[in-house]
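What follows is a short report on a single structure.
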Amino acid sequence: MQTQRRVRDDKSPAYHVVQQEFAEDVVSIPVFQRVEIDAWRSNVSGIRTDATEYTTANLQDWILSDGGDTIVIGLTQEPDSMWGLIATLSAQRLVERGGHWRLVHSVQLRFPARFAKAAVYLGKRFRKKESITVREGDTIYDAYGYRTQLESGVVFIDGAGDEVTYAGQGAVNMKQLTVKYVLTPFT
């Protein structure tokens, strides 16, 4: 907990600068706040609501009084994608927050590790950044964050950090970041 507090305190001055610059340029003006409504049966306990996170953020703590182990989430829309980097609908976030792949949550705008030791704080032992060589047909993430195959016309970020359009001519260098998460047991 001390590490999380220290990291948050270290970031506070940077957040303040961003808020000042945002207010100076007024790049957008929020006109309204969408109303989010949640409802659940009375036999579900352990739900923790927070204005800064979806209700399903602590789904692992929910308990059914009848001893059951199945919860059905009903939504008014279908998620446009389950990949959080490109999804735009709150329906995706509701389901993602309860998924086992969700390693952090942001209750009260804090981001503590939930299911894993925080690799960010544990040093280089848990992360590795290296140069790799990719060839046509290899799976990569393009410059816009989409998973795709490297083929002619695909725009990607090369090993030097430049945006490049692949012309179908041989191998290219890219950077790859690998992070090892040490998961703690959960149901």
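The values are calculated or read from the model by the stated rules, or taken from the named source; none is laboratory data. Note that the coordinates shown come from a computational prediction; the quantities given were computed from them, not determined experimentally. Using ideal geometry, Cβ is built from the backbone for each residue, glycine included, and neighbour counts are taken over all protein chains shown. Please note that ligands, DNA and RNA were not included when accessible areas were found on the heavy atoms of the full protein model with its side chains. Shrake-Rupley method; radii C 1.70, N 1.55, O 1.52, S 1.80 Å.
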Test: residue in the range 4-21 that is touching a residue at least 24 places away in the same chain (Cβ under 8 Å), more than 27 Å from Y144 (Cα to Cα) and not hydrophobic (A, V, I, L, M, F, W, C):
yes
Just one of V120, V95, V164 is of a type in the set (V, I, T), out of contact with any Ser or Thr (no Cβ under 9 Å at 6 or more places or on another chain) and modelled with pLDDT under 80; which is it?
V120
Mind checking which pairs have a first residue in the range 147-172 that is open to solvent by 50 Å² or more (accessible area, probe 1.4 Å) and a second that is among the charged types (D, E, K, R) and not in a loop (DSSP other than H, G, I, E, B), Cβ under 7 Å, 6 or more apart or different chains?
I157/E163
Does T139 count as of a type in the set (V, I, T), at pLDDT 60 or above and surrounded by fewer than 10 Cβ atoms within 10 Å (Cβ to Cβ)?
yes
